[in-house]
Amino acid sequence: MAFSFGGILGEVIVIAAIALVLFIILKLGKSIFKFIFGIIINSVLGLILLILLDYFFQLGIAVSIAVLIPVAIFGLPAVGTIVLLKILGAAI
């Protein structure tokens with residue numbers, strides 16, 4: 001015979017457990033969504049800034065795969081690094 005908490009008490013425990021699991025899933029989902037959204041915004045801003053800096057200051061940064069991949073992954077810090085390397089004379 002299976003162990004049972006009894007009618008109403010068992011139902012309350014099951015409902016509380018489901019509520020707890022849903023609460024944890026929503027909290028984790030919200031933080032993961034915020035993290036991914038932040039990365040996407042940072043990448044888009046990095047690409048826009050790279051194009052604008054190259055257009056207005058004629059830095060001569062070739063928009064290639066070698067430049068786009070770090071900017072798409074790291075966003076604004078990658079743009080700063082690429083511009084600094086270009087100013088210092090590194091081959092980009």
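The values are calculated or read from the model by the stated rules, or taken from the named source; none is laboratory data. Since we're looking at a predicted model, the values are computed, not measured. Positions of Cβ are generated from backbone atoms using ideal geometry, with glycine treated the same way; all protein chains shown enter the neighbour counts.
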Check: Quick check: is even one residue across region 68-87 surrounded by 14 or more Cβ atoms within 10 Å (Cβ to Cβ) and part of a loop (DSSP other than H, G, I, E, B)?
Finding: yes
Note to self: Of everything in region 39-77, what is touching a residue at least 24 places away in the same chain (Cβ under 8 Å) and among the polar types (S, T, N, Q)? Give them in sequence order.
What the structure shows: 42, 43
Notebook entry, point to check: Right, residue 51: touching a Lys or Arg at 6+ places or on another chain (Cβ under 7 Å) and either surrounded by 15 or more Cβ atoms within 10 Å (Cβ to Cβ) or modelled with pLDDT of 90 or more (or both) or not?
Noted result: no
